[in-house]
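Undergrad: Quick one: structure below, then a few questions.
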Amino acid sequence: MLIRGLPVNFDQDATALRCPSCDEYGGLHQEIITVYPAKGGVIEINSRNGNIRTWGSGTPQEALNPSMYRDGLTVHFSCEHCGGFEDVQQTLRMAQHKGLTLVDWEERET
């Protein structure tokens with residue numbers, strides 16, 4: 001799947017990510033980082049407790065890769081400004097597509 005979610009916005013210095021829900025910066029916390037190697041499988045790292053989980057090729061988790069045929073990466077964030085620090089999850093996605101690195105925020109269902 002070619003990603004086409006919400007645009008990624010930064011602060012005025014273009015160094016800090018803004019939350020796609022509340023447009024604040026300085027309150028996003030990395031929670032779970034998921035790597036989707038192009039050769040298959042999935043690696044998930046939980047930054048809060050250091051747990052690492054892996055899945056082999058052909059598992060349902062592979063379908064979540066933001067890149068169709070190349071490496072993909074997702075970072076799940078919580079935002080301290082969006083009411084409910086640990087409950088609100090925002091997902092930043094990175095995908096490779098024909099030599100380009102594409103970045104967006106996954107659109108959340110309301």
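Undergrad: Let me know the whole percent of all Cα-Cα pairs from the chain that are separated by more than 25 Å.
TA: Values: 1367 of 5995 pairs.
That tail contains 23 percent of the Cα-Cα pairs.
Undergrad: Under 8 Å for C-alpha pairs, at least 6 residues apart: give me the relative contact order for the range 28-105, rounded to a whole percent.
TA: Working: 165 pairs, mean separation 21.0, N = 78.
That works out to 27 percent.
Undergrad: Quick one: if you stick a label point 7 Å off each Cα along the C-beta vector at I52 and L64, how many nm between them?
TA: 1.8 nm
Throughout, read-outs are computed from the coordinates displayed, never taken from laboratory work. Quantities reported herein were computed from a predicted structural model and do not represent experimental measurements. All Cβ positions, even for glycine, are placed from backbone atoms using ideal geometry, and neighbour counts span all protein chains on display.
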